[in-house]
Structures are given as structure tokens and as C-alpha cells.
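Undergrad: Take a look at the following structure, please.
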Amino acid sequence: MTSPSATTTNPRTAEPAARTAAGSSLPTVGTDTGLLLLRVVLGLTMAAHGSQKLFGWFGGGGIEGTGQFFTASGYPAGEAMAVLAGLTETLGGLGLAVGLLTPLAGAALVGTMINAIAVHGAGAFFAPKGIEYELLLTVGAAALALTGPGRYAADRFLPVLRDGRPAHGALALALGVVLGGALLLVRG
């Protein structure tokens, strides 16, 4: 026999809600709001960064300038890499911001940021020469891929992603790490 306080039904979602020792239900409005805030800020930051590569917006180099950077960093076909990185950052960032295909969006950003960290180098941790900014973006994207987007997200309308299963995030992250690593291998 279970205790009546062990599990209840959340009237907002008609889903069982786990109860803590203090009696509050999880997930909370605060948790969902925090995930929304993290998703929107991280996602729009990455989308803006990608638009710098694709369109030259916000003082970016556009495809040509970014392509030259990729070529100088040892990647073959610099302009193709600029398009790939720009699309990954823009679409992955927008996906995170709206909470659409969150595990894949987060994993795409992780794969891109692995390359950013490798190019930037690990000579120091703190900015301006360190990797602290890139690492923070990478870990934030990975955390969102694993936790799911919360209730205030487009994924809530996709039955397979509605529950925010950690297994989906782990598989997506593995894919992002493998693809990010594969791109590092083509770098000269």
C-alpha cells in the first residue's frame, strides 16, 4: 500500500506528479520557467552567433569571412564549413529557444561547440584567451538536451518528446559528440 502523499495527479497536465518530502510537486512552475529562461537566452545567443556566420549580421564575417577563418584554422572547404556551422548554430539555437526537438537542438550545439573549443584552444580557462564562454554554452546545451525543455515548449506537443526522457537526450548528445569529433578529424 502506498501513502496518499507519495503520488498525486497534477491537474494542469493530468500527469502523475512525484512528491518530495516537503510535499511540493515536481516539476514546478519555477523549474519550467527556469528551463524556459535558459533555453531562450542560450538559444537566441547561438542563433545570433550563427547569423553572424551566415549573413554577416551583428558584425559577423558572413560566409566569405567566416570561411576564411575556417580555412586558416585548418578546415578544408572553409566556406562550406561556415555554412554548416552557421546553419547548425542558427537552427539549433532557434530549436532550443522554442523548445522544438530539444535533445537534437542541444546536441547540435554541443557538436559545434566542441569544434569551437578545439579551435580556440585550451591554453587558458578565463576570457579573453580562455574557453570559459564556449564551455558554458556547451554545458548549457548538454544540460537542456538531458533535462528536456520543460512544459513551456513546442516539444510538449510531440508525444515522443513530451516526457523529456533522459535517454533521448543521451542518445542525441552521443550523436552530437561523434559528429563534432568527426569534423575535428577532417581539420588539418
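The values are calculated or read from the model by the stated rules, or taken from the named source; none is laboratory data. The structure displayed is predicted, hence computed values, not measured ones. Please note: Cβ atoms are built from the backbone with ideal geometry, for glycine as well, and neighbour counts cover all protein chains shown. Keep in mind that these areas ignore ligands, DNA and RNA; they rest on the heavy atoms of the full protein, side chains included. Shrake-Rupley method; radii C 1.70, N 1.55, O 1.52, S 1.80 Å.
Undergrad: Just the residues that are of a type outside the set (Gly, Ala, Ser), crowded, with 19+ Cβ neighbours inside 10 Å and over 17 Å from Asn115 (Cβ atoms), please, taken from the range 36-62.
TA: Selection gives Arg39, Leu42.
Undergrad: Looking at the range 91-105 only, could you name the residues that are free of Cβ contacts under 8 Å to residues at least 60 places away in the same chain and open to solvent by less than 20 Å² (accessible area, probe 1.4 Å)?
TA: Kept after step one, since they are free of Cβ contacts under 8 Å to residues at least 60 places away in the same chain, are these residues of the range 91-105: 91-98, 100.
Within the range 91-105, Gly92, Gly93, Gly95, Leu96, Ala97 qualify.
Undergrad: May I ask you to verify whether Thr66 is surrounded by 22 or more Cβ atoms within 10 Å (Cβ to Cβ), modelled with pLDDT of 95 or more and hydroxyl-bearing (Ser, Thr, Tyr)?
TA: yes
Undergrad: Still on this structure, please answer the following. Considering the range 171-188 alone, what residues qualify as being surrounded by 11 or more Cβ atoms within 10 Å (Cβ to Cβ) and touching a Phe, Trp or Tyr at 6+ places or on another chain (Cβ under 9 Å)? Full working, then the answer.
TA: Start the filter on the range 171-188 by keeping residues that are surrounded by 11 or more Cβ atoms within 10 Å (Cβ to Cβ), which leaves 171-181, 183-184, 186-187.
Hits for the range 171-188 are Leu183, Val186, Arg187.
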